[in-house]
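K.L.:
Got a structure for you, questions after.
The values are calculated or read from the model by the stated rules, or taken from the named source; none is laboratory data. None of the values given here were measured: they were computed from a predicted structure. Glycine also receives a Cβ, built like all others from the backbone with ideal geometry; neighbour counts cover every protein chain displayed.
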Amino acid sequence: MKSNEEPDMPVTGIMRVGEVAIRVFDLEESRQHYDKRMGLIETHQGDDDKVYYKCPDEHDLYSLVLRKADQPGIDYVAFKTARDSDLDDFAERLRAFDIEVEHVPANTYPASGRRIKFNLPSGHEIHVYAEKEQNGNGMPLRNPGTIPDEGYIRGFRTVRLDHCLLGGTDIDANAKIMMEVFGFTMSEKLVAHENEMSLALFLTTSNKPHDIAFVLQPEGNKFHHVSFLLDSVNDLYHAADLIGKYNIAVDVAPNRHGVTRGATIYFFDPSGNRNEVFTGGYVHYPDTPTLVWDTTELGKATFSQDNTVRPSFLEVLT
Ligand code: M3P
Ligand code: FE
């Protein structure tokens, strides 16, 4: 299933968010948004009201799944782990947390090896898999060059899927599982200054400032945003120009997060799901201390170029 050899990297366990599945009202208007505007690549349409997309610099066959539904929001987040045997180790450790684990046979999800599937205390469905068919990033594996033949010219010039932010209750319990079962580390957290209550927790399993984050919400299983990497602030501005040109609904125009230090834009897909494009941010190492923000600096933690708290950003979820 891999177009290369076994990964021989120092990473063990979870490598990245490999797949996010979200619900949309209409597949055709979503195609216009994600493919034509954002520049993701449609890889195939299932016979089950699902369309599959990847970003231009990803090797795996797909990373975004859109499912036609009556309500927007998130179906699941799937992490890719380095080796098949990790799945049994994770399942064992999840059982120690009294979490029910479902074993899903290979090819239940297209071009995917077997998966384990479970729900976090916040209600979000999580998958882990080790194998997915690869079809390359448009460049050869030997003497690849630096850009594909046609260049990264489409739409927002998205590079790859980066992270997502989920909203729910009991985010401390979520974080404990991600850390103790899957080996994530906490890069940053935002707490209430009065009582240290966790409001947002940022977790990484890589050199990225975060792979997944959780924000406290009164209701479980909510979706805040899915985020795609861009190469540069120039590309971020290019995306902002296209967002304006095509009248895409903006939540937050170009700014920089205090948390993660990424330069960012937030906008909505035609179904009201929030998307982010971002670039920059620091390199995280496993021994980087956890950075803590508190609500005395909420504006700066979220948007550090105008230090302004934005209620829509904190309250609008799907
Ligand atoms: C990000 C990011 C909050 C900040 C979120 C930050 C909820 O999503 O990409 O850095 O305060
Ligand atoms: Fe983000």
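K.L.:
Select, from Val191, Val101, the only residue that is within 16 Å of ligand 1 (Cβ to nearest atom) and of a type in the set (Val, Ile, Thr).
P.N.:
Details: Val101 fails: within 16 Å of ligand 1 (Cβ to nearest atom).
From the options Val191, Val101, the qualifying one is Val191.
K.L.:
Another question, then. Would you pick out the residues in the range 271-311 that are of a type in the set (Ser, Thr, Tyr), in contact (Cβ under 8 Å) with a residue 60 or more places away in the chain and within 12 Å of ligand 1 (Cβ to nearest atom)? Show your work before the answer.
P.N.:
Quick first cut of the range 271-311, residues of a type in the set (Ser, Thr, Tyr) only: 271, 279, 282, 285, 288, 290, 295-296, 302, 304, 308.
Filter once more, keeping what is in contact (Cβ under 8 Å) with a residue 60 or more places away in the chain: 271, 282, 285, 288, 290, 295-296.
Tyr282, Thr295, listed by residue number.
K.L.:
Let me ask you something else. Answer yes or no as to whether Thr288 is within 11 Å of ligand 2 (Cβ to nearest atom), outside any helix (DSSP H, G or I) and not assigned by TED's automatic domain parsing to the domain that holds Val20. Quick ask: steps written out before the conclusion?
P.N.:
On the way: within 11 Å of ligand 2 (Cβ to nearest atom): no; outside any helix (DSSP H, G or I): yes; not assigned by TED's automatic domain parsing to the domain that holds Val20: yes.
No, not satisfied.
K.L.:
I need a count of the residues in the range 193-210 that are under 15 Å from the mean Cα position of the chain (by Cα) and either hydrophobic (A, V, I, L, M, F, W, C) or closer than 13 Å to Val17 by Cβ (or both).
P.N.:
If we filter the range 193-210 for residues that are under 15 Å from the mean Cα position of the chain (by Cα), which is where we start, we get 201-210.
Add one more test, that the residue is either hydrophobic (A, V, I, L, M, F, W, C) or closer than 13 Å to Val17 by Cβ (or both), and what stays is 201-206, 208, 210.
Counting residues in the range 193-210 that are under 15 Å from the mean Cα position of the chain (by Cα) and either hydrophobic (A, V, I, L, M, F, W, C) or closer than 13 Å to Val17 by Cβ (or both) gives 8.
K.L.:
Another question, if that's okay. Can you confirm whether Gly113 is surrounded by fewer than 22 Cβ atoms within 10 Å (Cβ to Cβ), under 17 Å from His59 (Cα atoms), of a type outside the set (D, E, K, R) and in contact (Cβ under 8 Å) with a residue 40 or more places away in the chain?
P.N.:
Values: surrounded by fewer than 22 Cβ atoms within 10 Å (Cβ to Cβ): yes; under 17 Å from His59 (Cα atoms): yes; of a type outside the set (D, E, K, R): yes; in contact (Cβ under 8 Å) with a residue 40 or more places away in the chain: yes.
Yes: the conditions hold for Gly113.
K.L.:
Within the range 257-265, does at least one residue satisfy the condition of being touching a residue at least 12 places away in the same chain (Cβ under 8 Å), assigned to a loop (DSSP other than H, G, I, E, B) and under 29 Å from Gly123 (Cβ atoms)? Steps first, answer last, please.
P.N.:
To start, the set of residues in the range 257-265 that are touching a residue at least 12 places away in the same chain (Cβ under 8 Å) comprises 257-265.
Retained after the next criterion (residues that are assigned to a loop (DSSP other than H, G, I, E, B)): 257-258.
Then keep just the ones that are under 29 Å from Gly123 (Cβ atoms); that gives 257-258.
Scanning the range 257-265, I find at least one residue that is touching a residue at least 12 places away in the same chain (Cβ under 8 Å), assigned to a loop (DSSP other than H, G, I, E, B) and under 29 Å from Gly123 (Cβ atoms), so the answer is yes.
K.L.:
Moving on. Has the range 165-187 got any residue that is within 15 Å of ligand 2 (Cβ to nearest atom) and assigned to a loop (DSSP other than H, G, I, E, B)? Can you show your working first?
P.N.:
Applying the first criterion (within 15 Å of ligand 2 (Cβ to nearest atom)) to the range 165-187 yields 165-167, 187.
Still in the running and assigned to a loop (DSSP other than H, G, I, E, B): none.
No - not one qualifying residue is present in the range 165-187.
K.L.:
Say we look at the range 116-156 and pick out the residues that are touching a residue at least 60 places away in the same chain (Cβ under 8 Å) and of a type in the set (S, T, N, Q); which of these is nearest to Gln217 (Cα to Cα)?
P.N.:
Ser122
K.L.:
Please verify whether Phe268 is within 13 Å of ligand 1 (Cβ to nearest atom) and aromatic (Phe, Trp, Tyr), treating the condition exactly as stated. Spell out the reasoning first.
P.N.:
Values: within 13 Å of ligand 1 (Cβ to nearest atom): no; aromatic (Phe, Trp, Tyr): yes.
Judged against the criteria, Phe268 is not a match.
K.L.:
Further question: Does Arg274 count as more than 18 Å from the chain's Cα centre (by Cα), of a type outside the set (Val, Ile, Thr), under 25 Å from Gln71 (Cβ atoms) and crowded, with 17+ Cβ neighbours inside 10 Å?
P.N.:
Working: more than 18 Å from the chain's Cα centre (by Cα): no; of a type outside the set (Val, Ile, Thr): yes; under 25 Å from Gln71 (Cβ atoms): yes; crowded, with 17+ Cβ neighbours inside 10 Å: yes.
Considered against the rule, which asks whether it is more than 18 Å from the chain's Cα centre (by Cα), of a type outside the set (Val, Ile, Thr), under 25 Å from Gln71 (Cβ atoms) and crowded, with 17+ Cβ neighbours inside 10 Å, Arg274 comes out as no.
K.L.:
Still on this structure: Restricting to the range 129-170, give me the number of residues that are hydrophobic (A, V, I, L, M, F, W, C) and over 21 Å from His224 (Cα atoms). Give the steps one after another, and end with the answer.
P.N.:
Step one: filter the range 129-170 for residues hydrophobic (A, V, I, L, M, F, W, C), giving 130, 139, 141, 147, 153, 156, 159, 161, 164-166.
So of that shortlist, the ones also over 21 Å from His224 (Cα atoms) come out as 130, 139, 141, 147, 153.
Looking only at that region, the number is 5.
K.L.:
Filter the range 208-238 for residues that are within 16 Å of ligand 2 (Cβ to nearest atom) and in a loop (DSSP other than H, G, I, E, B); which is nearest to Asp57 (Cα to Cα)?
P.N.:
Out of the qualifying residues, it is Leu230.
K.L.:
Just give me the residues in the range 113-137 being of a type in the set (A, V, I, L, M, F, W, C) and in a loop (DSSP other than H, G, I, E, B), in sequence order. Even if it seems obvious, please write down each step before you answer.
P.N.:
Our first condition is that a residue be of a type in the set (A, V, I, L, M, F, W, C); within the range 113-137, this holds for 116, 118, 120, 126, 128, 130.
Matches in the range 113-137: Leu120, Ala130.
K.L.:
Now for a different question. Looking at Pro110, Pro148, Pro140, can you tell me which residue is over 17 Å from the mean Cα position of the chain (by Cα), assigned to a loop (DSSP other than H, G, I, E, B) and assigned by TED's automatic domain parsing to the domain that holds Asp48?
P.N.:
When all the criteria are applied, what remains is Pro110.
K.L.:
Still on this structure, please answer the following. Within the range 291-318, how many residues are of a type outside the set (A, V, I, L, M), within 21 Å of Phe223 (Cβ to Cβ) and assigned to a loop (DSSP other than H, G, I, E, B)?
P.N.:
Filtering the range 291-318 for residues of a type outside the set (A, V, I, L, M) gives 293-297, 299-300, 302-308, 310-313, 315, 318.
Now drop any that are not within 21 Å of Phe223 (Cβ to Cβ), which leaves 302-303, 310-313, 315, 318.
Now narrow it down to the ones that are assigned to a loop (DSSP other than H, G, I, E, B): 303, 310, 318.
Going through the range 291-318 one residue at a time, the tally reaches 3.
K.L.:
Next up: Mind telling me which of the residues Gly155, Gly138 ends up being modelled with pLDDT of 95 or more and closer than 30 Å to Tyr282 by Cβ?
P.N.:
On the way: Gly138 fails: modelled with pLDDT of 95 or more.
Exactly one of Gly155, Gly138 is modelled with pLDDT of 95 or more and closer than 30 Å to Tyr282 by Cβ, namely Gly155.
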